[in-house]
Amino acid sequence: WYQRRVREAVVSTQSTGGLVSLLPHGYDGNGPDHTSARLERWLQLSDSKETSADGDDINVQVVNMTTPAQYFHALRRQMIRPFRKPLIVMSPKALLRSPDAVSTIGEFGPGSSFKRVIGDPTVQSNSVKRVLLCSGKHFYTLRNKRTELNDSTTAIIRIEELCPFPSSEVQAEINKYTGAEMFWAQEESRNGGAWSFVSTRARNILGHELQYAGRKECPAAAVASLKFTPKKSKISSTRLSLTLSN
């Protein structure tokens, strides 16, 4: 009901709405309600187009950010925009205490702004063999695994705003890596998360066929077991190793 009302608010009333929703989302061993905000449903309920670039007229904004500065700028942008649409924020609890999720003072200061897509400045574009597109806190899992494997041939691109889909920004980053394999990596199951949303737009708008890297299909949003979750994480890490090592 909540998702439906948020989606229909702008369209049915022809008015703006500055609602901001912070929804728990992240595979940390918790139950379904604290693991999945049903990202896939929010994306499906948007009127984002599958075959053409999105504009600012999309009925809802969905973001899955990775740094405190991005969170700050997303809220600031929501306040100063001449128009407002509901802002849905995927909010992993693990990033609240993660030493990796930090920003410098300069990233909050003058000249800084929200980045819909964040590229990878740590790799040499001419040496990259594969590109991983991802969103949210899964970036840190991928980056740490890449460091563990001492892999300098994999670039990681973060899509911070999923809807409206930032097709031009994604295309600009992808163009840096000619001939590289393209993957979409996510911590959610294959039938959840942003896989179907992103892969369709990558194929129809950007002209790239993405490969999938992540968990297989699952009927449950989470296993809700601290004992079983490490096993799932180990399986996921194994798949990631294969992805980064091929």
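The values are calculated or read from the model by the stated rules, or taken from the named source; none is laboratory data. What you are looking at is a predicted structure, and each value in this text was computed from that prediction instead of being measured. For neighbour counting, all protein chains shown are included, and Cβ atoms are generated from backbone atoms with ideal geometry for every residue, glycine included. With ligands, DNA and RNA removed, areas are computed over all heavy atoms of the protein, side chains included. Shrake-Rupley method; radii C 1.70, N 1.55, O 1.52, S 1.80 Å.
Assessment of region 94-110 against the conditions (touching a strand residue (DSSP E or B) at 6+ places or on another chain (Cβ under 9 Å) and aliphatic (A, V, I, L, M)) yields no matching residue.
Just one of (1) at pLDDT 90 or above; (2) of a type in the set (Phe, Trp, Tyr); (3) more than 14 Å from the chain's Cα centre (by Cα) trips up Trp42, so point out which. Going through the list (1) at pLDDT 90 or above; (2) of a type in the set (Phe, Trp, Tyr); (3) more than 14 Å from the chain's Cα centre (by Cα), Trp42 breaks only (3).
Residues in region 128-145 that are open to solvent by 20 Å² or more (accessible area, probe 1.4 Å) and assigned to a helix (DSSP H, G or I): Thr141, Arg143, Asn144, Lys145.
Residues of region 130-163 that are of a type in the set (D, E, K, R) and under 27 Å from Leu45 (Cβ atoms): Lys137, Arg158, Glu160, Glu161.
The residues of region 170-185 that are open to solvent by less than 20 Å² (accessible area, probe 1.4 Å) and over 16 Å from Thr154 (Cβ atoms) amount to a single one, Val170.
Looking at this structure, is Arg77 in a helix (DSSP H, G or I) and basic (Lys, Arg)? For Arg77, the condition - in a helix (DSSP H, G or I) and basic (Lys, Arg) - is met.
Yes/no matrix, rows are residues, columns are (1) open to solvent by 60 Å² or more (accessible area, probe 1.4 Å); (2) modelled with pLDDT of 95 or more; (3) basic (Lys, Arg):
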{"position": "Asp28", "(1), (2), (3)": "no, no, no"}
{"position": "Pro32", "(1), (2), (3)": "yes, no, no"}
{"position": "Asp57", "(1), (2), (3)": "yes, no, no"}
{"position": "Val60", "(1), (2), (3)": "no, no, no"}
{"position": "Ile80", "(1), (2), (3)": "yes, no, no"}
{"position": "Arg84", "(1), (2), (3)": "yes, no, yes"}
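Number of residues in region 146-163 that are in contact with a Cys (Cβ under 9 Å, 6 or more places away or on another chain) and either more than 30 Å from Leu87 (Cβ to Cβ) or open to solvent by less than 30 Å² (accessible area, probe 1.4 Å) (or both): the value is 3. Within region 87-121, restricting attention to residues that are more than 20 Å from Leu39 (Cα to Cα) and assigned to a helix (DSSP H, G or I), the residue that is least open to solvent (accessible area, probe 1.4 Å) is Gly106. Checking the stated criteria, Gln124 turns out to be in contact (Cβ under 8 Å) with a residue 12 or more places away in the chain and surrounded by fewer than 16 Cβ atoms within 10 Å (Cβ to Cβ).
Considering Gly111, Gly207, the condition of being without any contact (Cβ under 8 Å) to a residue 12 or more places away in the chain and more than 30 Å from Gln78 (Cβ to Cβ) is satisfied by Gly207 alone. Among residues of region 172-199 that are farther than 20 Å from Gly26 by Cβ, those with a Cβ under 8 angstrom from a residue that is basic (Lys, Arg) and open to solvent by 60 Å² or more (accessible area, probe 1.4 Å), sequence gap 6+ or separate chain, pair up as Ala180/Lys129; Glu181/Lys129.
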